[in-house]
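Have a look at the structure below before the remarks.
The values are calculated or read from the model by the stated rules, or taken from the named source; none is laboratory data. Model, not experiment: these values are computed from the prediction. Glycine gets a Cβ as well: all are built from the backbone with ideal geometry, and neighbour counts include every protein chain shown. Just so you know, the surface numbers come from the protein's heavy atoms only, side chains and all, with ligands and any DNA or RNA stripped out. Shrake-Rupley method; radii C 1.70, N 1.55, O 1.52, S 1.80 Å.
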Amino acid sequence: MWSRRQGRLRPTVWSAGVYGGSEPRVLGCALRKARREQQLVSKRLLRDDAPEEAGEGCVAAILGETEVQQFLRQAQQGTEEKEREGALVSLRRGLQHPETQQTFIRLEGSMRTLVGLLTSNQALLQLEAARCLHELSHSEQSTVAEACLPATSYLLTYLSGHSSDFIELCLYTLGNLIVESEAVRRQLLPQGIVPALAACIQSPHVAVLEALGYALSQLLQAEEAPEKIIPSILASTLPQHMLQMLQPGPKLNPGVAVEFAWCLHYIICSQVSNPLLIGHGALSTLGLLLLDLAGAVQKTEDAGLELLACPVLRCLSNLLTEAAVETVGGQMQLRDERVVAALFILLQFFFQKQPSLLPEGLWLLNNLTANSPSFCTSLLSLDLIEPLLQLLPVSNVVSVMVLTVLCNIAEKGPAYCQRLWPGPLLPALLHTLAFSDTEVVGQSLELLHLLFLYQPEAVQVFLQQSGLQALERHQEEAQLQDRVYALQQTALQG
Amino acid sequence: MQLPPALCARLAAGPGAAEPLPVERDPAAGAAPFHFVARPVRFPREHQFFEDGDVQRHLYLQDVIMQVADVPEKPRVPAFACQVAGCCQVFDALDDYEHHYHTLHGNVCSFCKRAFPSGHLLDAHILEWHDSLFQILSERQDMYQCLVEGCTEKFKTSRDRKDHMVRMHLYPADFRFDKPKKSRSPASAEAPGDSGERSEGEAMEICSEPVAASPAPAGERRICRHRSVSELFLKPVLNMCSVLRILGCTWAAALLILNSER
């Protein structure tokens, strides 16, 4: 199941070059900047990879106004079907260029003609017209997306059809248009996109489901989604179907699961009505999926798994903050210790292949352990403290999170601190005290405080290992000095 | 990062929760200047924490990190014709045939052979065009269902329904799949020689949509088609509704004549 991806896109190993090399690093920086400015727009383009016939050559030319008109006329009025289809193919290739797209939308009646061809009774003409629309949907200009407005009611209508390739094309086109223009979204909602997607999600075709997940994920990322879109999605049958697509088992398709996991993430982090999702069993489905992912990670070199792991971790972490997580009796719905085992297997995987995702994994670990003596005990009984400490050198962010998880354990009292002592913890703390990052040091001080409180024997060893000198380095630091002083006092009195 | 060897075994074993060690907190733990409190953390949508993962998702969608995607070429087969009676469209690729079949022979009205893009629209068509009971009931109650999936509104006339779809659902006023039933015009005939192609809804509108530069030539007429009254009589199955329609037309015509004579 995991070893062979179906569907169009297959991820490869995220090469170290993305963060390590010069050019890829520039790309990474630019994307991060775009994300911060909320302009990170992802669009899929189903470009026909099959070599074109008739020796047209690989590079399509930009089309001028006359040529666009000519192709449209030929498509609409040609006598031979092959000729009409060919005209649309030529138009489609030209539309790969932004200039041609602009020319097309400025031409009066062009969209009407294209919509006429889209709704024609000639199937192959219809398909080519849809491909032209798809090219237009890839434009980064919202004016081009808005020029496609007359077509949307038909794209939605065709979602209830039976031709899976055509439906897939319509879905990707819709997804692209959704991303580009609020005007498009404002029209699609009253046109019934949510019920249309809810009907379409019952398709047995994997490619259709992946496309639907994509379109839905774009809809959910809209700025106005929490107020205007997510409530109607939650009121539909979509959430149950989405969760079904995420259930581990022979029917789980990785490409489909990735899309719906991201959809769920966008819904959950918008915090519209997470208890509803918990009621649908989201926690247990995602927990089981996490186990499945950990199993897969051990078996295969397929590095694409992090694309699914990331949103699953996010969903679980955010859901765990909901009060509804507590069932009658105050027990957490998610109690299976295997979740902790799975998480550490994933952390190891991230450590080796995708260090940038370590914080996300540790976030889940924090949320699992914060209010759960059971999970804290699991970390101790499964000998996971040492592996956790091995993550300290990765980065400051990771260090703070590791230390926070350790504080979650230590704050539960002497029974827990006894299990943290003796061991690698104190040497590790002495090491982090040498960091210059204030937050790392601050969290180390918190942990030291708990350790001294619940395991006083640690104080002596701390002193013997030059602990006081380690503390002194930070006496002048405003954010740290009170705590440094308090610890110094404790150490000296102990 | 070294994991204990027993961890994989734990994952493979059955579910279970650890019996928690006793919790015993000292109030001094949270006393100033220390302020640690164990709490789950929540990150909202746009939080910077998600930056790295979001960039990665973006790149996935942009195909940057994909391997060469060997999308299989459309498998070509020796040319074959569509097997549906009356259709002699020829294909050399199975995908093309699949799409043709679903578009033209999929949701087809068994009464009038019109093809529709979905079962939903076909059902509405059959009800409104071929169900005599519908006609009778629609005189007394709102029967014209909104065509938008998920909308349960019903209307007295197809005109009212269209107004609703335009106003509430922002549908185009000339939505191709919502043509009102018109009275038959004997003048327009079925275009000859169009092997098995059927209109969707009613007439194909292509011929009436001008492209900016050129007028529609005469040859285009073959795409437009209307059912002729004579053709109705030639159909082997002449359903009740058609009879009523014809009678209704005749009756309405008679009424008009009577009224004008007063």
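Of all the numbered requirements in (1) without any contact (Cβ under 8 Å) to a residue 40 or more places away in the chain; (2) charged (D, E, K, R); (3) open to solvent by 70 Å² or more (accessible area, probe 1.4 Å), A:Arg473 misses one, and that requirement is (1). Would you be able to tell me the number of residues in the stretch B:78-110 that are exposed (fewer than 11 other Cβ atoms within 10 Å of the Cβ) and over 19 Å from A:Glu80 (Cα atoms)? So the count comes out to 4. Screening A:Arg73, A:Arg47 for residues that are at pLDDT below 65, of a type outside the set (Val, Ile, Thr) and within 25 Å of A:Thr119 (Cα to Cα) leaves exactly one candidate, A:Arg47. A:Leu426: modelled with pLDDT under 95 and either part of a helix (DSSP H, G or I) or within 9 Å of chain B (Cβ to nearest Cβ) (or both), yes or no? Here the answer is yes, as A:Leu426 does meet what is asked. Across the stretch A:118-159, which residue is farthest from A:Pro195 (Cα to Cα) among those that are at the interface with chain B (Cβ under 7 Å from one of its Cβ atoms) and assigned to a helix (DSSP H, G or I)? For the stretch A:118-159, the residue satisfying everything is A:Leu124.
If we scan the stretch A:77-90, do we find a residue that is open to solvent by 70 Å² or more (accessible area, probe 1.4 Å), farther than 27 Å from B:Tyr60 by Cα and either assigned to a helix (DSSP H, G or I) or at pLDDT 90 or above (or both)? Within the stretch A:77-90, one or more residues are open to solvent by 70 Å² or more (accessible area, probe 1.4 Å), farther than 27 Å from B:Tyr60 by Cα and either assigned to a helix (DSSP H, G or I) or at pLDDT 90 or above (or both). Would you confirm, using the coordinates I've provided, whether A:Thr438 is among the hydroxyl-bearing types (Ser, Thr, Tyr) and over 44 Å from the mean Cα position of the chain (by Cα)? So A:Thr438 fails the test. Based on what the data block shows, is A:His162 free of Cβ contacts under 8 Å to residues at least 24 places away in the same chain and either away from chain B (no Cβ under 12 Å) or surrounded by 18 or more Cβ atoms within 10 Å (Cβ to Cβ) (or both)? In short, yes.
Whether a residue is in contact (Cβ under 8 Å) with a residue 24 or more places away in the chain and surrounded by fewer than 19 Cβ atoms within 10 Å (Cβ to Cβ) was assessed, and A:Asp482 does not pass this test. Within the stretch A:173-183, the residues that satisfy the criterion of being open to solvent by less than 20 Å² (accessible area, probe 1.4 Å) and more than 11 Å from chain B (Cβ to nearest Cβ) are A:Thr173, A:Leu174, A:Leu177, A:Ile178, A:Ser181.
Condition first: assigned to a helix (DSSP H, G or I) and within 7 Å of chain B (Cβ to nearest Cβ). Now tell me which residues in the stretch A:374-391 satisfy that.
So the first thing to find is which residues in the stretch A:374-391 are assigned to a helix (DSSP H, G or I), and the list is A:374-381, A:385-389.
Result: A:Ser374, A:Thr377, A:Ser378, A:Ser381, A:Pro387.
Identify the residue in the stretch B:34-49 that is open to solvent by less than 40 Å² (accessible area, probe 1.4 Å) and closer than 30 Å to A:Pro414 by Cα and, among all such residues, is farthest from the chain's Cα centre (by Cα). The qualifying residue farthest from the chain's Cα centre (by Cα) is B:Phe34. If you go through the stretch A:97-111 and pick out every residue that is open to solvent by 50 Å² or more (accessible area, probe 1.4 Å) and under 19 Å from A:Gln76 (Cβ atoms), you end up with 2.
Residue count for the stretch B:98-134 under the criterion of being within 12 Å of chain A (Cβ to nearest Cβ), part of a helix (DSSP H, G or I), hydroxyl-bearing (Ser, Thr, Tyr) and in contact with a helix residue (DSSP H, G or I) (Cβ under 7 Å, 6 or more places away or on another chain): the result is 1. Looking at the structure I just gave you, is A:Thr285 more than 12 Å from chain B (Cβ to nearest Cβ), at pLDDT 90 or above and either more than 28 Å from A:Ile233 (Cα to Cα) or out of contact with any Pro (no Cβ under 8 Å at 6 or more places or on another chain) (or both)? Yes.
Whether a residue is surrounded by fewer than 19 Cβ atoms within 10 Å (Cβ to Cβ), in contact (Cβ under 8 Å) with a residue 40 or more places away in the chain and in a helix (DSSP H, G or I) was assessed, and A:Glu439 passes this test.
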